[in-house]
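Data block below; observations after.
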């Protein structure tokens, strides 16, 4: 019974809750039990909020009984620990924010709270979302549910692993260069990065403000559409959120994709591409063709420069955003004789190596004398990358590619080589540079690990992405595959709270 | 120094090596002629989003100061920056 409840999608759970076949409290308890059993092995959560979840579930049951349920009333949701919540610490997986209690909720959190969603906990991430493996968390490494010796991807690795492992049917993450899509791919779940401006970032600890977006994880495209609808829309607290109407994403799913034009970028044959992954993605494209879509070769000639452009723009913005962590207002504070020494000690000890690396890179790219050569140059190349997409979208409706060039890699394999680590995001970064929406959908297995198909769409056209992803999902059974966790559940350990 | 990060000597050496390899990768951008290309700072067309200049409630002071290591009279407190003369 319990295992069955944690295997439900949010949409299936919604039906059962509304028919009173299960209560929100039972659904929540089933997930909390699974979290307690799996967490000593997975480490997907930084904080599990069991008591808060039970209280929210009881409230949801009252709402359902009163016939006032919304789409997410009583549905368990995991939140990346970079989203501010008033009732649990928000750490960004950094020692500089250990124990920080936000005085406000992020807008996305407030919206889910208003719907009566149940927050089961805050998930692990690379420190300040900087990384591709969740190994940069200052606290611990999250394991991939498909193979515990491998990374879950990152930076939203905790959210991806939690959804894949059935610890929650839904989760939120953030995506600056692929941090939703890449871990969704490594963990075999669906993940969507909305268009820049679609979702309010108020209460998302800022990394790179011209690139960051919040988005959903789920085990089905339908559920991703459900969660996207709940968080989308204009917010006066985020001036970059756009006042466009939010379409009915769920209603768009079942539209036919016959005649849809799907672009295949010629430049995506990259060095380091795993041939098994390439073959699996080719099969997925053939399936889309069988469903009536037309495959069209397109050219995105500046793709090869996207990674270099990203590693100027993102660190530059991060170096400015992270200046606020100074030990004066909140977080770690090391007292020294002078204020300058207090800054140096607090930041020197509070930030981990990847965050320091990026702050230095960004400070350098913005410093006088190098500003034009690096920062302005990167912004100009960004224009070229965006133009590539504009031209491609004159010919096609979506652009398809692998989400990542490889399957999940081993823990520790790439930590000493930043460039190798950064290459994991080579297919996801261009969409952030151009502000476009992207979805990662499970499309098979290579070496026994999940492979993912990425679809990128026109700005504010999440509908078409969801439509193509849904058609593919209905035609295949990859999304019904679950990681082999029964052995871990059998030898139930006692306790195992991550604190 | 500009980044206000206190680094240990061995940390500094490791960063030097890693940052050099990243800079090497970044230098590929020089291949591109971008003389006539305008820069893109952000991708949505919104500009100068304004709101009415009206008084609205702020976050409660006590809630905001709860995280502060030192505060006094409703303000964050730091060590003296200027010498007393």
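Derivation of every value follows stated rules applied to the coordinates shown; laboratory data play no part. Keep in mind the model is a prediction, meaning the values are calculated, not measured. Methodologically, a virtual Cβ is constructed for each residue, glycine included, from the backbone with ideal geometry; neighbour enumeration extends over all protein chains shown.
Just need the relative contact order of region A:66-224 here, percent rounded to a whole number, with Cα pairs under 8 Å and 6+ apart.
Across region A:66-224, relative contact order equals 22 percent.
FRET efficiency for residue A:68 and residue A:295, Cβ-Cβ distance as r, R0 = 51 Å, nearest 0.05?
Numbers: r = 47 Å, r/R0 = 0.91.
Computed FRET efficiency for residue A:68 and residue A:295: 0.65.
May I ask you to derive the FRET efficiency for residue A:304 and residue A:417 from their Cβ-Cβ distance with R0 = 25 Å, giving the value to the nearest 0.05?
Values: r = 19 Å, r/R0 = 0.78.
With a Förster radius of 25 Å, E is 0.80.
At 7 Å along Cα-to-Cβ for each site, give me the label-to-label distance between residue B:30 and residue A:54 in nm.
Label-label distance for residue B:30 and residue A:54, simple model: 6.4 nm.
With N set to the number of residues, divide the alpha-carbon radius of gyration of chain A by 2.2 N^0.38 Å and report two decimals. Walk me through the numbers on the way to the answer.
Numbers: Rg = 21.3 Å, N = 499, 2.2 N^0.38 = 23.3 Å.
Compactness ratio reported: 0.91.
Across the residues of A:348-359, average count of Cβ atoms on other protein chains within 10 Å? It would help to have the intermediate numbers written out before the result.
Values: counts 6, 2, 2, 3, 0, 4, 1, 1, 6, 5, 2, 4.
Rounded to a whole number, the mean comes out at 3.
Pop a pseudo-label 7 angstrom from the Cα along the beta-carbon direction at both residue A:286 and residue A:387 and give the gap in nm to one decimal.
My value for the distance between the label points is 3.8 nm.
With runs of 4+ DSSP H residues as the only contributors, calculate the mean residue ellipticity of chain A at 222 nm using -39,500 (n - 2.57) per run, divided by the residue total and rounded to the nearest 500. Let's see the in-between values first.
Values: 18 runs with 196 residues, N = 499.
Roughly -12000 deg cm²/dmol at 222 nm, from the helical runs in chain A.
Tell me, what is the percent relative contact order of chain A, built from C-alpha pairs under 8 Å that lie six or more residues apart? Kindly include the intermediate steps, with their values, before the conclusion.
Values: 1191 pairs, mean separation 91.8, N = 499.
About 18 percent, as a whole number.
In nanometres, what is the gap between the two model label sites at residue A:480 and residue B:46, each 7 Å from Cα along Cα-to-Cβ?
4.2 nm
Quick one: angle between helix B:9-26 and the longest Cα principal axis of chain B, in degrees between 0 and 90, rounded to 10, please.
Computed tilt is about 50 degrees.
Pulled fully out, how much extra length does the chain show between residue A:19 and residue A:336, if you take 0.36 nm times their separation in residues and subtract their Cα-Cα distance?
Numbers: separation 317, 0.36 × 317 = 114.12 nm, distance 6.12 nm.
That works out to 108.0 nm of additional length.
What percent does the relative contact order of region A:313-437 come to when contacts are Cα pairs within less than 8 Å and at least six residues apart? Show your work: numbers first, answer last.
Numbers: 83 pairs, mean separation 28.9, N = 125.
The value is 23 percent.
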